[in-house]
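Comments concern the structure below.
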Amino acid sequence: MPIFMDRHYLKGTSPAEVAQAHRMDIDIQDQYGVKFLTYWFDERRGTAFCLVDAPDRETVQCVHREAHGFVANEIVEVALSAVEAFLGRINDPDPAPGQSSAQMDPGHRAILFTDIVGSTEMTARLGDRMATELVRAHDAIVRRCIGKNSGREIKHTGDGIMAAFAATTAAVACARAIQQEFQHYNGGNAEPIHIRIGLDCGEPVEDSNDLFGSTVQLAARLCAAAASDQILVSENIFREYGASDLFAHATRRRLKGFSKPMLVFRCDWANAGPG
């Protein structure tokens, strides 16, 4: 049977209500000979998508109409291989421990990059072995903070780490915690480690356990533009976080790969309490 993706405009509907509607579709899908493979919900935009294995569009609408009444606004036939390539999965993920199906990931991510300042000079000065030990110290601190803030390490970049978070607040808290941890570490070590951090949020494309797209690119560029011991965040982070007193020194900067100057904010982690 063909694969269909439908779009619902559900402004004002909660994730729990969308999850319940998905379960109601599954409860009667066998009566219509269809299979609901998965769904995605963006609460901020009020948009839901369903991926359905069905004989035709009309049958998909019949199931929605009988199950809960949330009929689709649009239905298109899609190639399953394309869906897998761009979205990374076609089956509902298992909820994390303590997480209900109503809380499943809608695809929104906050992306964080760290970078060790002067890593090339550090290696030339200290030698490969000592420099490697300092990178390991960096990794341990960053990974501990990522874990404490419910993040996921995406990859190691050689002299930094890329991580993703479902919540923007968690990403900011992690960034602040990382810089505070390095401040503490540097107070007791003869060879300090200074890092910079960049943050952006949006809906990156997931493929082969990696993330791609403009959100990832902007977070990486912000990290590269940050000074030592600095956190730079995008306008997206600033708007979603909702606490303007935490961010200061807004400036427009030209960043490689972006045609227009980007509004950039600095997170004053040293003057704030714990994340």
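Quick look at the numbers
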read-out: Qualifying position, being closer than 21 Å to A173 by Cβ, modelled with pLDDT of 95 or more and touching a helix residue (DSSP H, G or I) at 6+ places or on another chain (Cβ under 9 Å), among G202, G198; value: G198
read-out: Check on Q179, farther than 16 Å from N236 by Cα and surrounded by fewer than 18 Cβ atoms within 10 Å (Cβ to Cβ); value: no
read-out: Matching residues, segment 116-140, being touching a residue at least 12 places away in the same chain (Cβ under 8 Å), of a type in the set (G, A, S) and not in a helix (DSSP H, G or I); value: G118
read-out: Breaking point among (1) over 22 Å from I154 (Cβ atoms); (2) small (G, A, S); (3) in contact with a Pro (Cβ under 6 Å, 6 or more places away or on another chain), for S259; value: (3)
read-out: Meets criteria (open to solvent by less than 50 Å² (accessible area, probe 1.4 Å), at pLDDT below 90 and touching a Leu at 6+ places or on another chain (Cβ under 9 Å)) for M122; value: yes
read-out: Complete set of residues in segment 182-219 that are within 22 Å of R239 (Cα to Cα), among the β-branched types (V, I, T) and buried (at least 22 other Cβ atoms within 10 Å of the Cβ); value: I197, T215
read-out: Residue under evaluation C174, criteria (1) in contact with a Cys (Cβ under 6 Å, 6 or more places away or on another chain); (2) open to solvent by 30 Å² or more (accessible area, probe 1.4 Å); (3) of a type outside the set (F, W, Y), criterion not met; value: (2)
read-out: Residues located in segment 230-272, provided they are open to solvent by 60 Å² or more (accessible area, probe 1.4 Å) and out of contact with any strand residue (DSSP E or B) (no Cβ under 7 Å at 6 or more places or on another chain); value: R239, G242, S244, D245, R254, K256, G257, S259, K260, A270, N271
read-out: Complete set of residues in segment 53-67 that are over 11 Å from P2 (Cα atoms) and either touching a helix residue (DSSP H, G or I) at 6+ places or on another chain (Cβ under 9 Å) or open to solvent by less than 60 Å² (accessible area, probe 1.4 Å) (or both); value: T59, V60, Q61, C62, V63, H64, E66, A67
read-out: Unmet requirement for G98, which otherwise passes all of (1) modelled with pLDDT under 90; (2) in a helix (DSSP H, G or I); (3) small (G, A, S); (4) closer than 23 Å to A164 by Cβ; value: (2)
read-out: Meets criteria (modelled with pLDDT of 90 or more, buried (at least 16 other Cβ atoms within 10 Å of the Cβ) and more than 30 Å from N149 (Cβ to Cβ)) for V83; value: no
read-out: Close pairs from segment 12-38: first farther than 17 Å from V71 by Cβ and open to solvent by 20 Å² or more (accessible area, probe 1.4 Å), partner in a helix (DSSP H, G or I) and modelled with pLDDT under 85, Cβ under 7 Å, at least 6 apart; value: P15/A102; P15/Q103; A16/A102
read-out: Failed item in (1) without any contact (Cβ under 8 Å) to a residue 40 or more places away in the chain; (2) at negative phi, with G158 passing the rest; value: (2)
read-out: Candidate set from segment 136-163 (those that are among the hydrophobic types (A, V, I, L, M, F, W, C) and touching a strand residue (DSSP E or B) at 6+ places or on another chain (Cβ under 7 Å)); member that is surrounded by the most Cβ atoms within 10 Å (Cβ to Cβ); value: A163
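Matching residues to (1) within 29 Å of A166 (Cα to Cα); (2) modelled with pLDDT of 85 or more; (3) more than 25 Å from the chain's Cα centre (by Cα):
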site: G12; (1), (2), (3): yes, yes, no
site: E17; (1), (2), (3): yes, yes, no
site: D25; (1), (2), (3): yes, yes, yes
site: T38; (1), (2), (3): yes, no, no
site: A48; (1), (2), (3): yes, yes, no
site: A54; (1), (2), (3): no, yes, yes
site: R57; (1), (2), (3): no, yes, yes
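The values are calculated or read from the model by the stated rules, or taken from the named source; none is laboratory data. These numbers come from a predicted model, not from an experiment. In this analysis, Cβ positions are derived from the backbone assuming ideal geometry, glycine residues included, and neighbour counts consider all displayed protein chains. Side chains are part of the model used for accessible areas, which takes the heavy atoms of the whole protein and leaves out ligands, DNA and RNA. Shrake-Rupley method; radii C 1.70, N 1.55, O 1.52, S 1.80 Å.
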